[in-house]
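Taking it in order: structure first as structure tokens, then the write-up.
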Amino acid sequence: MTVDVLSKYEAVIGLEVHAQLQTESKLFAGDANSFGASPNTHVSAITLGHPGTLPKMNRKAIEYAIRMGLVCHAEIAKYNYFARKNYFYPDLPKGYQISQHTTPICSGGFVSIKTSAGNKDIMLTRIHLEEDAGKSIHDQNEELTLLDYNRAGVPLIEIVTEPVIHSSEEAAAYVTEIRKLVRWIGICDGNMEEGSLRCDANISIRIKGDKKLGTRVEVKNLNSIKHVKHAIEIEIERLVEITERGESIIQQTRSYDADRGTTFAIRTKEDAEDYRYFPEPDLAPFHFTDSFIEAIKSKLPSLPQQRIDHYIHDLGLTEYDASQLVDEISLSNMFEGIAAGTNHKKLLANFFLGPVRSHLNAHELGWDALHISASQWDGLLSLVAEGKIAFSIAAQEILPQLYTNDNADALQIATQQNLVQDADAAEITAWVELVLNSMPEKVDEYRKGKKGLIGLFVGEIKKVSKGKADPRIATELLTDFLNKK
């Protein structure tokens with residue numbers, strides 16, 4: 001399809017993100033809420049909807065839903081009740097789902113995103129609580145669908161946007177931000193590959209300038225940000241092709257085939273009346289006091305954007321570094337704790353975002369596994385800031401010893417291993433002359449314009465000096481020598 005044809009249309013997208021809440025038990029039963037157990041081991045009579053059983057609300061799940069509403073600037077509904085959403089599907093053992101309909105726990109609000117086009121607030125319709133369904137497994141038996149009810153009854157929040165998203169890029173940025181937020185406030189692990197964060201995309205198109213919404217289709221259960229982006233892109237093209245052929249778009253629910261890169265129809269899309277909602281008779285209405293909401297609010301951490309502003313304006317970091325430091329709350333908390341005890345905050349950020357993060361990723365460790373004390377960090381940072389050791393030497397030779405020894409001292413290590421740089425200009429000059437005299441052809445190439453060779457020369461000086469030459473002084477002396485004809 002040509003760009004000209006696509007450019008005639010505007011996509012209108014609304015997203016529904018389902019986040020499993022990290023409570024110890026399910027929403028209405030005492031069954032364990034954990035991933036990876038053997039099939040049908042975290043079930044009970046309540047989960048399976050046996051006659052005579054009664055649900056009981058999980059207070060922690062309600063608190064988690066309010067947390068999300070607060071960080072999304074939503075209005076918290078003080079008076080609430082649950083509703084039955086009736087539909088029959090094999091992975092729904094009761095034949096209905098306990099959800100919320102007319103009284104979502106959170107209404108309105110927004111989530112701010114950044115895209116190549118700039119900043120944008122994605123307006124929310126609601127955040128409501130509901131229980132998850134079980135899982136149908138189609139690929140383990142050629143003739144049968146297998147059912148695992150471990151997930152049935154797990155508490156979910158569903159975060160629903162207004163139809164204000166107009167591109168796959170915006171959608172991907174929004175889901176990325178939601179994943180960061182739920183992890184940041186500790187209510188969901190955000191692991192899309194395990195299904196604890198899933199996205200449904202409602203997509204329609206219209207001619208640019210039109211105000212009326214087109215017929216929508218829903219693509220269900222997108223379990224990665226890459227899939228969210230790709231599914232929306234191919235669905236927009238499909239809807240445009242149908243419209244360009246003069247055919248009508250059918251409102252339906254579709255699924256995404258990641259292997260083939262296509263979507264396919266599952267069923268005709270239901271509307272709210274098809275679910276025959278009514279108040280859940282086995283659960284009493286509930287309400288919150290102002291003090292209950294305030295107590296939850298008081299325990300929330302400062303949000304990523306607040307910390308970014310603090311890092312930029314108060315600590316003097318770049319916007320890029322500040323944004324990287326709030327990628328995870330454990331990283332941000334650790335940085336703040338160490339930064340409070342040192343004057344070398346920019347240098348600390350360089351270590352955290354460079355060699356330290358690489359080390360943790362290589363060993364599949366989280367930031368909580370890092371046990372270098374504030375005093376150890378300050379000792380290392382001071383050595384680098386004062387020019388006594390190079391950043392690379394600190395990262396390659398000293399940091400590995402600090403990872404494994406709680407009592408290690410950076411200056412002591414540098415002294416014992418003869419790593420302290422010799423800033424004596426006369427000795428460095430001798431190393432510079434030695435290197436240049438051994439590489440006359442490269443010197444000639446540099447003087448003919450191949451200025452990138454300066455790095456080669458610095459590297460050779462590092463070798464002959466066994467790391468003792470200050471790279472800054474060595475570079476200055478090299479430049480002086482090389483510019484002399």
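Database remark: amide H of SER112 closer than 5 angstrom to the amide H of ILE122 (H placed geometrically; neighbours at sequence offset of 5 or more, or on other chains; Pro and chain starts carry no H). Remark: spin-label model distance ASP290-GLU75 equals 1.6 nm, labels positioned 7 Å along the Cα→Cβ axis.
Residue exposure proxy: HIS73, HIS101, HIS42, ordered by other Cβ atoms within 10 angstrom of their Cβ from fewest to most, comes out as HIS73, HIS101, HIS42.
Applying a DSSP loop filter and a limit of 14 other Cβ atoms within 10 Å to the GluC sites (Glu not before Pro) in segment 114-149 leaves GLU142, GLU143. Between GLU476 and SER330, full extension at 0.36 nm per residue minus the direct alpha carbon distance yields a gain of 48.6 nm.
Distance between the 7 Å Cα→Cβ label points at ASP189 and LEU365: 2.0 nm.
For segment 182-194, the Karplus equation 6.51 cos²θ - 1.76 cosθ + 1.60, evaluated at θ = phi - 60°, returns couplings of 5, 6, 4, 9, x, 9, 7, 7, x, 7, 5, 5, 9 Hz by residue, with Gly and Pro reported as x. Backbone amide hydrogens, once placed in the peptide plane, bring GLY214 within less than 5 Å of ILE205, excluding anything fewer than 5 places away on its chain. Applying the criteria of a DSSP loop state and at most 12 other Cβ atoms within 10 Å to the chymotrypsin sites (Phe, Trp or Tyr not before Pro) of segment 16-121 yields PHE88. Tell me, what is the FRET efficiency for SER255 and LYS56 to the nearest 0.05, using R0 = 35 angstrom and their Cβ-Cβ distance as r? For SER255 and LYS56, the calculated efficiency is 0.55. Extending 7 Å from Cα along the Cβ direction at SER373 and again at SER302 yields two label points whose distance is 2.6 nm.
Think of it as helices only: each DSSP H run of n ≥ 4 in the chain is worth -39500 (n - 2.57), and spread over all residues that comes to -10500 deg cm²/dmol at 222 nm.
FYI, it's all coordinate maths here, none of it is from the lab. From a predicted model like this one, the values you see are computed outputs, not experimental measurements. No Cβ is skipped: glycine too gets one built from the backbone with ideal geometry, and neighbour counts run over all protein chains shown.
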